[in-house]
Amino acid sequence: MGIILNGQPRELVAPTTVAELLERLEIGRERVAVMINGRIIRKESFEAESIQDGDAVEVVHMVGGG
């Protein structure tokens, strides 16, 4: 299945949840924001929220530092 991830085309194995995508990207869930088609996904929903073919997914990983 094809999605747009942070503006770039990407192929994923279907079905995929937000939690599975973050795991594949090796991004921890603690400091991340995820949007699917402009809709913010709550952290509590990462396990249940499915990503569908053609979805536009934005993943923003917060990085601290100074």
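Of the residues making up segment 52-66, those that are over 13 Å from Leu12 (Cβ atoms) and in a loop (DSSP other than H, G, I, E, B) are Met62, Val63, Gly64, Gly65, Gly66.
With the condition kept exactly as written, say whether any residue in segment 9-16 is over 11 Å from the mean Cα position of the chain (by Cα), outside any strand (DSSP E or B) and of a type in the set (D, E, K, R). No - not one qualifying residue is present in segment 9-16. Of all the residues in segment 25-51, those that are closer than 18 Å to Val13 by Cβ, touching a strand residue (DSSP E or B) at 6+ places or on another chain (Cβ under 8 Å) and of a type outside the set (A, V, I, L, M) number 4.
Every residue, every condition in (1) loosely packed, with under 13 Cβ neighbours inside 10 Å; (2) touching a residue at least 40 places away in the same chain (Cβ under 8 Å); (3) out of contact with any helix residue (DSSP H, G or I) (no Cβ under 6 Å at 6 or more places or on another chain); (4) hydrophobic (A, V, I, L, M, F, W, C), yes or no:
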| position | (1), (2), (3), (4) |
| --- | --- |
| Gly2 | yes, yes, yes, no |
| Ala19 | no, no, yes, yes |
| Glu26 | yes, no, yes, no |
| Val34 | no, no, no, yes |
| Gly38 | yes, no, yes, no |
| Phe46 | no, no, no, yes |
| Ser50 | yes, no, yes, no |
| Ala56 | no, yes, yes, yes |
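All of the numbers you see were taken from the coordinates with simple rules; none came from a lab. Note that the structure is predicted; figures quoted are calculated from it, not measured. Positions of Cβ are backbone-derived with ideal geometry, glycine not excepted, and every protein chain shown enters the neighbour counts.
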